[in-house]
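The values are calculated or read from the model by the stated rules, or taken from the named source; none is laboratory data. Given the structure is predicted, the values throughout are model-derived calculations rather than measurements. Cβ atoms come from the backbone with ideal geometry, glycine included; neighbour counts cover every protein chain shown.
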Amino acid sequence: MKSGPDTEMKRKRDEMDYSEDINLMYKKKKAQDSAENQIKFNNQSLEEKYQTVIKDPLYTKISIETLHECFCLLEEAGWNEAEHSKLYMGLLNNPNYAKDLVDYFKQLKACGYVFEEYEIYYCKGIKYACYTKDLTESFGCFEKIEAPLNTKGLFLLQPMIEKSKEAHHLFPYLKELNEMGFTDEIIYSKLIEYSGYAKELMESLKYLKEKGFYYSECKKMYINLMHQASFARELIECIQNFKEMGYSYTQHQRYYDSLIDYPHQARKLVQAFKDLKEAGFSYESHSLLYDVIAAMPEKAKECIGCYKEIENFGFPLEKSKILFLSVINNSDYSLKLLKGFLLLKDSGFNLEEHEQLYWKLTNRPSMADQIAEGFELLKEIGFEYTEYPLLYQKFLDNIENIELFLIKCRSFNAGVFPYTQFKSFYHASILYPDFAQYIINNLIIFNPKDHVSLFNDIFSLLTVLNPNRSLIIRKIKKLVQYADTNVILTPIDEGFIQQKKELNALLREEFSFVEGPLKKASATYEIERILKQIAECNGEGVRLDYTDWRCYVLTLPNQETINISLLLRNANLSQLELNDSLLNSIDKMIKSIYSEWDEMLGRAEKTVQTLNDCLKKALYTYIGNYRYKNIGLVFRAEALDDKFSIIKVAEHKNKEALLCFILGCLINDATNKLNNLAIPPQVEDILLDRAEFLTNEVLAGRLANPWYFPALTSFSASKKGSVAFQKAGMVRTKLENPPSVLPIVNKLENEVLFSQGEQIITTQGPGFYVARIINSPSLEKANQYWSDQALQWALEHYLSKPYKECPSTIKIGDKNINRPNHNLPHVFRVKNAIELVIHYFSRYAIEDDFKEFCQECSLEEIEWLRVAAAFSVTGRESEINAGSDLERYDRYRESSATHFIDFVNKTKNMQLPEVAHMAERVKHVVRYMGNPSYEKQSDGAFGINNHPDASERQRRNFYYRILSVAHKLDLPRCYTASQYEASMKLCHDLSLVSDSQKNDYLEMIRYNIELIKAHGGLLSCDLTMQGKFVDTHIPYQPIYVESSTSLKRIYEISQTITKPEIMNPISTRHDIVCLSP
């Protein structure tokens, strides 16, 4: 190893240390020998520690005498070994600093911190024994502080002890604070806390005191300054600048506070205030500006420029201040806001009268300039804010891309839609932009300049709150259909004036429905009766089963079965009413089969708290999860899905369908009651939203005819619809006229429920379907439950069976269809045509008596005729006709009449005279349906109907005519064109010929032919659009299997064919009218 000066020095130093240690050991040994047995501790731990200290010659550099002296001082101070062992142990653990520790302990006691109460401070001193000498001196500085011992201990002693390493450094400054007269512990504590900047802080405190910022008056400034210790010198410089500019602390404290609270911007704030003075803005006249800049000094120049610009607007000072604040609060868009304000002012919107418009700009600062430009455009079009305040708000709410909207408006104004002529177009475009665009897209074939009134009439329908979108869509479709079949003329073309008249007349002529109170359906009453019976027997012996015929059949004790599916089809459960007594009984019954029933009560929303507990539980069984699915399946006459079972207990699984039916009824009742709550009406145009997976058939059915909610139906009041309505492939529907009462039953989805049976019309809208609730007596469900029962009975017992004499069967796929020419589809169409034929002759019968009968024919009589139709061909056992074998055909007719009367006996009380009389009358008509000699012989004598009572004879003749014509309407399936025209001679003979009669006659036949096609049946004769009968051959289609085997399916399929207007005798050609109850 190399040697050198450093190595030599180290060697000498080690020799000196060794010599010193030998000397120390000698002294230690001598002291130990002389002091032996001088002290004896009673505490074993102290004694052991003491012996360790005195016996180890290298343990301490102090004399044993000094240690003994310290022990004596402790005793003199009143700290004995027994009660204060921690102090003695502290000396023994730190013998090198024993004297310093005793002085420290005595200083604490002198300051009032007795060991028994403030032991923690004594122990802390022991922990930092090597620094206690400096701590003792520092504590002496705290004696003059005016604060309780606890406060001083917490804010001074304890922090000082924790920073004991810096005590030597801090002591001079603490002493100086004493000398400056500070007695507030906060100043001392902050100096300790920010000890690294003690020098800078002391300089700052001296400056403040010298410059007249006295602590008693400026305490907050002192304390804040201490908090910003690292910026102390810089802040003092800025405070000096403030003082030189004439800002006194007492008057401008908040500015001093801003200066100190944001030290990074202190110099910017000083400069900002200098800029304000240079710009001529004094504090006295522009205190607001000073306040704003104090909060954001980095934007001082921007604020000053903005304030100057707003001042130049010439608005009242107070209003200008508010506008200025709105700009500053949206500083990222200040230029847009200023531009918008200026544009409003220059457009004539003064602040006093149109203050709200200015605030609308501040609510959307990122688009302020565009919004102002839009308001300018509205005024230019002619929409004054004072007259159209809602329009201005809708402009903001509905126009997503204002810039594009403005461009389009100016383009339209310069082109085909001048402001002066088409004010309604712009009004509609603002209120409902998507729908207005939909109108333009569909009517683009018409030149707006040539058809000003037509476009204004259409667009004006959109300028009202809650417009009838369905009506608008139907009008547009009429115009489009006209354009498809006619050449649209221009003003230079001959016939232009006449065509305009035709178009305007077409626009005014609109098929609609008379609205008014609805009569409660008898099927609804029947459902109420059934629920009461189920409750009375507590569900014992009650079953609801799904049959092969795709319907649910209810079994009640000691009663005939009830086809619940057919009953629901004829009911309107928006009229259902269940009283509390019945609900309580149902509640008890459900509890016995549904174990989770009572758990549902706790989930009720506030909206439904007023309902009976049974209804609450039913509602929340339905809402959410999966439970609603099987309820819906029962009401739609579809088989239950085990995945969605409500009942989990195996022994009650057979009650699942029954429970679903009862729950569905309860929820309908709850919905009805909720819709009658006294909730303030909605003033906003709300389109409730629904999305669902729909087949093309269902969509076609909804568009073709008015329809009814088949089960409980949910809509969402959320603007974008429920989360559950966002799945790919769903079809979206908007309900345009929700009731004024919208009870939300599920806040998560903003769910609103509608009852089964509500009348609905649907139209294709712009990107979605538009539904509208219609309460029209003309759409009221006819009481067809009995005739539906008859048709179902005929299907099960006759129409699905093979002929016994000459079987006629076709095979479609792997299915055999018996008697295809005279099975369910044929009989369904005859039954369906009964009302159609009655409506036709109510307008066009050549005989006044027959016409009057058809006009006044009761619903009960119509239902008897429907039942007659159901059994009109059930007696057939082959396809022979009267011409080929009259005797056999007559036997078939006799069997049909027998089948009819058997069903009546089974379902009606024949003991009632009126029932017996009606049964006999209709049986006679069924027996001889189609016989040309029924009314009279060829020689004019009485025919088969030779009843002695003239009135009865006439009534039977009328029934015969209706049933026979209804049957003949369905002959295109098997007659050629010439045969069919000949077969309709009876109808022609009974009709008073006119243009409208010819149109309705052909529409009646066309409707029936379209039904044959929809059902997938054989077709031998068709009707062209020009009204000509032609031969055709359309064979049976695959869907004929479903049409032939299910009443549910044939109803669904038939819904897709639009009914002729003549089927609705109460329909009118004017807008919707409300009838008083």
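Things to note:
- Enumeration of residues in segment 298-349 that are under 24 Å from Gly382 (Cα atoms) and surrounded by fewer than 15 Cβ atoms within 10 Å (Cβ to Cβ): Asp346, Gly348
- Just one of (1) surrounded by fewer than 17 Cβ atoms within 10 Å (Cβ to Cβ); (2) under 59 Å from the mean Cα position of the chain (by Cα); (3) hydroxyl-bearing (Ser, Thr, Tyr) fails for Thr183. It is (2).
- Meets criteria (farther than 23 Å from Ala368 by Cα and in contact with a Lys or Arg (Cβ under 9 Å, 6 or more places away or on another chain)) for Glu298: yes
- Thr1032 being surrounded by fewer than 19 Cβ atoms within 10 Å (Cβ to Cβ) and β-branched (Val, Ile, Thr): yes
- Scanning segment 303-324 for residues that are touching a helix residue (DSSP H, G or I) at 6+ places or on another chain (Cβ under 7 Å), in a helix (DSSP H, G or I) and either of a type outside the set (Ser, Thr, Tyr) or more than 22 Å from Lys345 (Cβ to Cβ) (or both) turns up Cys303, Ile304, Cys306, Glu309, Ile310, Glu311, Lys321, Leu323, Phe324.
- Taken over segment 904-921, the residue count meeting the criterion of being hydrophobic (A, V, I, L, M, F, W, C) and in a loop (DSSP other than H, G, I, E, B) is 2.
- Residue that is nearest to Leu971 (Cα to Cα), among those in segment 992-1044 that are in contact with a Gly (Cβ under 6 Å, 6 or more places away or on another chain) and of a type in the set (A, V, I, L, M): Leu1002
- The single condition among (1) within 29 Å of the chain's Cα centre (by Cα); (2) not in a helix (DSSP H, G or I) that Leu615 does not meet is (2).
- Pairing residues of segment 1003-1029 that are under 16 Å from Asn823 (Cα atoms) with residues that are of a type in the set (S, T, N, Q) and outside any helix (DSSP H, G or I), at Cβ distances under 9 Å and at least 6 apart in sequence or on separate chains, gives Lys1013/Gln1037; Ala1014/Thr1056; His1015/Gln1037; Gly1016/Gln1037; Gly1017/Gln1037; Leu1019/Thr1032.
- Any chance Phe754 is surrounded by 20 or more Cβ atoms within 10 Å (Cβ to Cβ) and not assigned by TED's automatic domain parsing to the domain that holds Ile1053: yes
- Sole residue being assigned to a loop (DSSP other than H, G, I, E, B) and either touching a Phe, Trp or Tyr at 6+ places or on another chain (Cβ under 9 Å) or farther than 19 Å from Gln1026 by Cβ (or both), chosen from Tyr980, Tyr1001, Tyr975: Tyr975
- Qualifying residue in segment 874-885 (condition: hydrophobic (A, V, I, L, M, F, W, C) and either surrounded by fewer than 23 Cβ atoms within 10 Å (Cβ to Cβ) or modelled with pLDDT under 95 (or both)): yes
- Considering residues of segment 534-572 that are closer than 16 Å to Cys660 by Cα and among the aromatic types (Phe, Trp, Tyr) only, the residue surrounded by the most Cβ atoms within 10 Å (Cβ to Cβ): Tyr552
- Cβ-Cβ contacts under 6 Å between residues 6 or more apart (or on different chains), taken from a first residue in segment 692-708 that is within 19 Å of Gly757 (Cα to Cα) to a second residue that is charged (D, E, K, R) and at pLDDT 90 or above, are listed as Asn705/Lys1059.
- Any hit, segment 589-610, residues being surrounded by fewer than 15 Cβ atoms within 10 Å (Cβ to Cβ), in the same structural domain as Lys655 (by TED's automatic domain parsing) and closer than 26 Å to Tyr785 by Cβ: no
- Of the helices (runs of 4 or more DSSP H) lying entirely inside segment 506-596, the ones with 2 or more residues being more than 30 Å from Ile1062 (Cβ to Cβ) are found at 522-536, 580-591.
- Inter-residue pairs, beta-carbon under 7 Å, first in the same structural domain as Val553 (by TED's automatic domain parsing) and in segment 636-651, second of a type in the set (Val, Ile, Thr) and buried (at least 17 other Cβ atoms within 10 Å of the Cβ), 6+ apart: Ile646/Thr621; Ile647/Ile593
- Residue match in segment 721-732 (condition: of a type outside the set (Val, Ile, Thr), over 27 Å from Ser1043 (Cβ atoms) and in contact with a Pro (Cβ under 8 Å, 6 or more places away or on another chain)): no
- For Tyr934, the conditions (1) in contact (Cβ under 8 Å) with a residue 24 or more places away in the chain; (2) over 25 Å from Asp1022 (Cβ atoms); (3) assigned to a helix (DSSP H, G or I) are fulfilled apart from (3).
- Single condition Lys99 does not satisfy, out of (1) modelled with pLDDT under 80; (2) assigned by TED's automatic domain parsing to the domain that holds Ser138: (1)
- Failed criterion for Thr907 (all others in (1) closer than 26 Å to Ala521 by Cβ; (2) over 53 Å from the mean Cα position of the chain (by Cα); (3) polar (S, T, N, Q) hold): (2)
- Residue list for segment 987-1019, filter: of a type in the set (A, V, I, L, M) and buried (at least 16 other Cβ atoms within 10 Å of the Cβ): Leu990, Leu1002, Met1004, Ile1005, Ile1009, Leu1011, Ile1012, Ala1014, Leu1018, Leu1019
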